[in-house]
Amino acid sequence: MSAPTPPETPGRGERRTRSRRVPDVLARGTARTPAHAHAHAHGPAAPATRRVRVTLAALLVPALLVTLAGLVALWPAAADVPARIPVAAEGSTVLRAAVTGPVDEATSEVPARLDAGSRAGGEDVGGDAITVNAPPEYVAYGFDEGDRLRVLYIAEAAGAGGTPYVFMDFERGLPIGVLAVAYAVVVLAVARWRGLAALAGLAGAFVVITSFTLPALLTGQNALGVALVTSSLVMFVVLYVAHGFTARTSTALLGTLVGLVLTAVLGWWGSGAANITGLTSEESLWIPQYAPELSIRGVVLCGIVLAGMGVLNDVTITQASAVWELRAVAPLATRRELYARAMRIGRDHIASTVYTIAFAYVGAALPLLMAVYLSDQNLATSLTSGEIAEEVVRTLVGSIGLVLAIPITTGIAALTVPGAGSARSVPVGRVEVPAT
């Protein structure tokens with residue numbers, strides 16, 4: 001009997017790569033796919049059908065028209081917008097200065113030098129050495145030489161034996177500007193044109209809020225209507241600018257709009273049922289004096305909807321993209337299977353986003369939480385009182401809207417994604433990957 005033939009040893013060039021078949025989930029899509037389907041690796045899903053595009057347009061165009069109609073109806077008249085509040089009283093001037101030495105803790109005075117070109121009391125005081133009166137808490141915080149300050153010159157205090165310059169705040173323009181530029185550079189470097197489009201959409205959202213939302217609230221327009229119009233208009237702008245005019249984007253937008261309506265309804269009920277007044281901050285007490293038509297409770301409701309808008313945008317575009325990408329790698333999967341697989345991603349997203357919302361609040365409200373910790377009342381009472389209750393309602397409403405938006409958007413995407421077998425195929429047979 002002849003000896004068995006030894007296995008052929010691969011050559012040097014053959015060792016560099018090993019031929020492996022495409023995984024079943026990529027090649028066949030589902031377990032029911034015929035075996036011959038493994039011979040193709042599938043590319044992007046085909047574009048949405050004309051029927052799907054028409055259906056999406058039939059839903060979104062009326063939503064856009066309603067949004068624009070609401071924008072026109074709620075747009076505040078210029079004469080009704082309250083006048084701007086002067087930063088400094090008559091006879092006072094806001095100036096910039098730089099700290100030149102250590103603070104005198106006995107007198108709470110900080111030596112500084114005014115910027116060139118500064119004028120106070122009708123005189124040129126640029127470059128003058130001054131002393132700035134600072135509050136004790138800022139003295140305890142400390143001042144370093146070179147710190148930039150905003151100081152208030154009070155004409156009535158001049159010549160009264162003390163310094164007429166009072167500390168207002170630190171000048172933070174330069175470091176914040178550096179961070180903003182760094183943020184833009186990082187976004188552009190990583191996301192490139194998509195990042196540029198996202199920044200443009202963000203700028204558009206800022207314009208909407210400053211030119212419509214804030215004046216409308218100050219003039220007493222319906223807060224729920226203002227919130228829905230603002231969030232809807234912002235989403236139309238941001239999503240299409242950042243992600244393009246595609247069926248995938250339209251699917252995410254439709255899911256976002258449904259989530260916004262749910263968030264608005266929950267916010268309206270929750271803020272009313274929990275008696276969230278909004279009267280928990282210093283601003284909420286003095287702003288109505290200048291804007292008597294303003295509803296502080298309405299501001300809270302609008303804030304709840306706008307806070308939920310950002311996280312809704314995040315999860316809906318992710319879920320829509322997940323369904324489309326799953327279709328690309330599983331072209332023969334049924335819509336039910338696509339929905340089930342995408343919801344696995346969605347559940348992970350829900351878990352991580354819930355943590356994000358909760359810890360974002362913890363970080364922003366850490367001093368308040370420390371006050372609750374030091375209080376001798378029980379935790380349940382603390383969580384249902386005042387400012388904390390407002391944030392709890394905001395967080396819970398936003399989280400519920402987010403969780404509901406994920407299956408809704410996933411379902412819409414599963415219905416609108418191209419049908420089974422519609423993905424574009426590129427015959428590749430076997431895939432060469434580097435050997436390990």
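The numbers here are math on the coordinates, done by the rules we state, and not lab data. Just so it is clear, the model here is predicted, and its values are computed rather than measured. Cβ placement follows ideal geometry from the backbone for every residue including glycine, while neighbour counts extend to all protein chains displayed.
Placing pseudo-labels 7 Å out from each Cα toward the beta carbon at Arg53 and Thr210 gives an inter-label distance of 3.7 nm.
Remark: the Cα gyration tensor places the range 283-358 in the prolate category, a/c being 1.5 or greater and a/b exceeding b/c.
Ranked by the mean number of other Cβ atoms within 10 Å of their residues, highest first, the peptides 247-256, 330-339, 164-173, 179-188 come out as 247-256, 330-339, 164-173, 179-188. For a test of the definition: using alpha carbon positions, the gyration tensor, and the 1.5 limit on a/c, classify the range 55-102 as rounded, prolate or oblate. Here the range 55-102 falls in the oblate category. For the range 92-109, the Karplus equation 6.51 cos²θ - 1.76 cosθ + 1.60, evaluated at θ = phi - 60°, returns couplings of 10, 9, 8, 10, 10, 8, 10, 5, 10, x, x, 6, 8, 5, 5, 10, 6, 10 Hz by residue, with Gly and Pro reported as x. The local environment of Ser281, defined by Cβ-Cβ distances under 14 Å, has a net charge of -3 under the rule Lys, Arg +1 and Asp, Glu -1.
What the phi angles of the range 371-382 give under the Karplus curve with 6.51, -1.76 and 1.60, with θ = phi - 60°, is a coupling list of 5, 5, 4, 7, 6, 8, 7, 5, 4, 4, 5, 5 Hz, glycine and proline written as x. Please give the net charge around Val417, taking every other residue with its beta carbon less than 9 angstrom from that of Val417, where Lys and Arg add +1 and Asp and Glu add -1. Cβ neighbours under 9 Å give a net charge of +3. Close amide H partners of Arg119, meaning residues 5 or more places away or on another chain with modelled amide H under 5 Å apart, are Val125.
Applying the Karplus relation 6.51 cos²θ - 1.76 cosθ + 1.60 with θ = phi - 60° to the range 57-72 yields 3J(HN,Hα) values of 5, 5, 8, 7, 4, x, 4, 5, 5, 5, 4, 5, 5, x, 4, 5 Hz, where x marks Gly and Pro.
Could you tell me which of rounded, prolate or oblate describes the range 223-371, using a ≥ b ≥ c as the square roots of the eigenvalues of the alpha-carbon gyration tensor, with rounded for a/c under 1.5 and, failing that, prolate when a/b is larger than b/c and oblate otherwise? Kindly include the intermediate steps, with their values, before the conclusion.
Values: a/c = 2.83, a/b = 1.93, b/c = 1.47.
Because a/c hits 1.5 or more and a/b exceeds b/c, the range 223-371 counts as prolate.
With a cut-off of 15 Å between beta carbons, the residues surrounding Leu174 carry a summed charge of -1, where Lys and Arg count +1 and Asp and Glu -1.
Using alpha carbons only, the radius of gyration of the range 92-171 set against its Kirkwood radius gives Rg/Rh = 0.93.
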